[in-house]
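*Asks:* Handing you a structure now.
The values are calculated or read from the model by the stated rules, or taken from the named source; none is laboratory data. These figures come from a predicted structure and were not determined experimentally. Heads up, the Cβs are rebuilt from the backbone with ideal geometry, glycines too, and the neighbour counts pull from every protein chain shown. Accessible surface is based on the protein model in full, side chains and every heavy atom, while ligands, DNA and RNA are left aside. Shrake-Rupley method; radii C 1.70, N 1.55, O 1.52, S 1.80 Å.
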There are 6 protein chains.
Amino acid sequence: MDHVIAPTNSPVVTSHEVTLVPNNSLLTETPEEGRQLAVKMARLIIKLTQPDEEKRKQLRDVYGNDAMMLIAVGQAVATEFATIAAANNYWRK
Amino acid sequence: MDHVIAPTNSPVVTSHEVTLVPNNSLLTETPEEGRQLAVKMARLIIKLTQPDEEKRKQLRDVYGNDAMMLIAVGQAVATEFATIAAANNYWRK
Amino acid sequence: MDHVIAPTNSPVVTSHEVTLVPNNSLLTETPEEGRQLAVKMARLIIKLTQPDEEKRKQLRDVYGNDAMMLIAVGQAVATEFATIAAANNYWRK
Amino acid sequence: MDHVIAPTNSPVVTSHEVTLVPNNSLLTETPEEGRQLAVKMARLIIKLTQPDEEKRKQLRDVYGNDAMMLIAVGQAVATEFATIAAANNYWRK
Amino acid sequence: MDHVIAPTNSPVVTSHEVTLVPNNSLLTETPEEGRQLAVKMARLIIKLTQPDEEKRKQLRDVYGNDAMMLIAVGQAVATEFATIAAANNYWRK
Amino acid sequence: MDHVIAPTNSPVVTSHEVTLVPNNSLLTETPEEGRQLAVKMARLIIKLTQPDEEKRKQLRDVYGNDAMMLIAVGQAVATEFATIAAANNYWRK
């Protein structure tokens, strides 16, 4: 009932078993590290929603070769990065 | 009339019967908990819009195996998380 | 001329005849109420764009059973909620 | 050259001939008026991009009866409203 | 290598040869001018990505007559405008 | 396991081998440079997700000639630019 998004064929994986924010912090030393964190956080939501490693592998081949999906991945990362950049006060000197 | 989005085959479920914000607060101790809240809030909107547990189960199989939908789930969660992170002043130390 | 979005078969309904912001305020007591306001405001735009009750009913059956559309509903609500949460200073204590 | 988005069959309409912000202000008395402004501004971009009244009429019938497009209209309005609400300091009392 | 988005058939056009921000400023006198800037900036990204004038002309006919694409244009402009409006402190008096 | 988004056929490329933020800074002298940075950052996410130069070339031909994808590219760049503009305090004088 609590798992509206999680696929039904993964009963043992709950949101509490997957780390969603590496190091449990949005703060990074540099913009580059912040960008990498944005990518990781976007990936971890996909992992949470589709925990099956094999299926994710197949889906990667799909969106890695689909122009529209590549753009959509970019939009998702951009949104994550906006939050991380604000959290770090945009790494202003 | 009030239920523009709610499916017509669920006359007894109203938005007041589904909790949309767990603990009625956006404030969390850590970024990790904030991220989990973002996932839960995204799921609860889906539950509100499609209250039928069985149908949600079927739809999960659909988007859990569709690359574009997985990316779209990520975009929705990213937007929810942006709000929660700002509410918590980005968990700055 | 003014009704670029409104369907042509509803000449008597103007944006001034549909309340778009319940209680004419974004301020709510709690996050839960803010979330419900976000859902209502998203619904009212759909109602404004498609004022025909019967057609909305048919369309609800469509998106209530379509995984991608459920996710898109979530994205729309998330965007409305971001505004409402900021308006309420995120309901910080 | 300047009209990358404007359709080629409307050489006389330029962005300077269509008012894009009614009253040339984002400030409104109430949230309700702000919401109506958001709808109008979203509509005026569609009008700018497709100036042909007759074609817009046909396209309205299309998206007024398409669930996914109704949701997308909602997303566009939500984004416009976010800006207007911030401009009005969220109409806090 | 640097031109991940630019089409391969336009080797001489680089991002440095297309002006992406007219007048190199986000500041405008009025909201109306800010809105026109948002439209221009959205168009210039399309021009950068597809520099071929003839092809853009053909694509305009496509999206000018497609309801979903018109809405998507509106979403892109709304996002650009949000930035410009914030830059101008929302043209508050 | 860490590479949820990266295609499976590029085992040697990790997110640490691709620079995601040129000059490791969001700060630029002018809005024009900020806009170019937004384009570059959007491109680098596509490069990270599809590291194969030849495939990216093929995909560019696809989205450079697809109206909807051109608009989507615009949305992604707009989101990146919003962050960069805020980081630079909108280049206010």
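*Asks:* To the nearest whole number, what is the average tally of beta carbon atoms from other chains within 10 Å of the beta carbons of peptide B:37-44?
*Replies:* The shielding value for this peptide is 6.
*Asks:* Using a 10 Å cut-off on Cβ to Cβ distances, tally the other chain neighbours for every residue of A:23-32 and report the average as a whole number.
*Replies:* Mean shielding count: 6.
*Asks:* Under the definition of partner shielding as Cβ atoms of other protein chains within 10 Å of a residue Cβ, what is the mean value for peptide F:46-52?
*Replies:* Numbers: counts 9, 5, 7, 9, 10, 1, 2.
Other-chain Cβ atoms within 10 Å of each residue's Cβ, averaged: 6.
*Asks:* For segment A:27-91, what's the radius of gyration and Dmax over Cα atoms, in angstrom?
*Replies:* When restricted to Cα atoms, segment A:27-91 yields Rg and Dmax of 13.3, 38 Å.
*Asks:* When the accessible area of segment D:22-81 is computed with all protein chains present and a 1.4 Å probe, what percentage of it is carbon and sulfur?
*Replies:* 47
*Asks:* For the pairs B:LYS40/C:LYS47; B:LYS93/C:LYS93; B:LYS93/F:LYS40, note any where the Cα-Cα span goes beyond 21 Å.
*Replies:* Too far apart for the 21 Å limit: B:LYS40/C:LYS47; B:LYS93/F:LYS40.
*Asks:* Could you report the buried accessible area between B and C, both sides summed, computed with a 1.4 Å probe and given in Å² to the nearest 100?
*Replies:* It comes to approximately 3600 Å² buried between B and C.
*Asks:* Would you mind computing, in nm to one decimal, how far apart the modelled labels at E:GLU54 and D:ASN24 are, each placed 7 Å from Cα along Cα→Cβ?
*Replies:* Result for the modelled spin labels: 4.2 nm.
*Asks:* Oh, and also: Net charge near C:GLU80: determine it from the other residues with C-beta under 12 Å of the C-beta of C:GLU80, scoring Lys and Arg +1 and Asp and Glu -1.
*Replies:* +2
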